[in-house]
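The values are calculated or read from the model by the stated rules, or taken from the named source; none is laboratory data. Note that the coordinates shown come from a computational prediction; the quantities given were computed from them, not determined experimentally. Cβ: placed from backbone, ideal geometry, glycine included. Neighbour counts: every protein chain shown.
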Amino acid sequence: MENTPHAQATVECPPAKDPAVRWFIFATMMLGFAVWCYSDRRPVPNTWDFKHINEVAAYLVNNWGPVLLVPLGLLAAAMGLRHLSRKLVADDEGITYGRKHVAWNQVKVLDASKLQSKSILAIQYDPDGTLVLDSWRLQNFRQLVAFVEQRLPEDVQRRGVEG
């Protein structure tokens, strides 16, 4: 448990790019469909019955599609940017991820039951608070796991961790 002189004092985990790329692809699709719908606007159908369902559907999609698709596209782009702005920093004080800070003495349970199969580590720090660390969302994940193992107090309950 004691820190050796060569022990790393801080681990920084920048966000992984894959989740953000997926958000940006979704945003591009929504905004592209919105532009396509807007460019192909249709007149209001004369009759709104089942015989003219194609005209009604074309009117609704092309005239009202952008109203739905533009906010969805902007929301997806914002989610991608939010993901890219969240960096995890683990140091001698604890873990800071986004706006959340968990001190080492707050940690109650380390759940590594999904570490081997899915590379997910869960840190429970109070009865209702859990910080989930996922290798798909974070770079330098292996360094982070080793750092967490070194810094956790001995009285922390450990699940899914061998000996």
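Residue by residue, here is whether (1) under 19 Å from the mean Cα position of the chain (by Cα); (2) outside the structural domain of V44 (by TED's automatic domain parsing); (3) loosely packed, with under 14 Cβ neighbours inside 10 Å; (4) touching a residue at least 12 places away in the same chain (Cβ under 8 Å) holds:
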| residue | (1), (2), (3), (4) |
| --- | --- |
| N62 | no, no, no, yes |
| L69 | no, no, no, yes |
| G73 | yes, no, no, yes |
| G80 | yes, no, no, yes |
| D91 | no, yes, no, yes |
| G94 | no, yes, no, yes |
| K100 | yes, yes, yes, yes |
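Take the stretch 8-59 and flag every residue that is assigned to a helix (DSSP H, G or I), surrounded by 13 or more Cβ atoms within 10 Å (Cβ to Cβ) and β-branched (V, I, T).
V21, T28, V35, V56
For the stretch 115-142, which residues satisfy the criterion of being exposed (fewer than 15 other Cβ atoms within 10 Å of the Cβ) and either at positive phi or not hydrophobic (A, V, I, L, M, F, W, C) (or both)?
Those that are exposed (fewer than 15 other Cβ atoms within 10 Å of the Cβ) and either at positive phi or not hydrophobic (A, V, I, L, M, F, W, C) (or both): Q116, S117, K118, D126, P127, D128, G129, T130, R142.
Consider Q106 carefully, then state whether it is at pLDDT 90 or above and more than 21 Å from the chain's Cα centre (by Cα).
Yes, satisfied.
Consider E149 carefully, then state whether it is buried (at least 16 other Cβ atoms within 10 Å of the Cβ) and either outside the structural domain of C37 (by TED's automatic domain parsing) or in a helix (DSSP H, G or I) (or both).
no
Inside the stretch 111-163, can you point out the residues that are under 19 Å from the mean Cα position of the chain (by Cα), under 16 Å from K87 (Cβ atoms) and not hydrophobic (A, V, I, L, M, F, W, C)?
D134, S135, R137, Q139, N140
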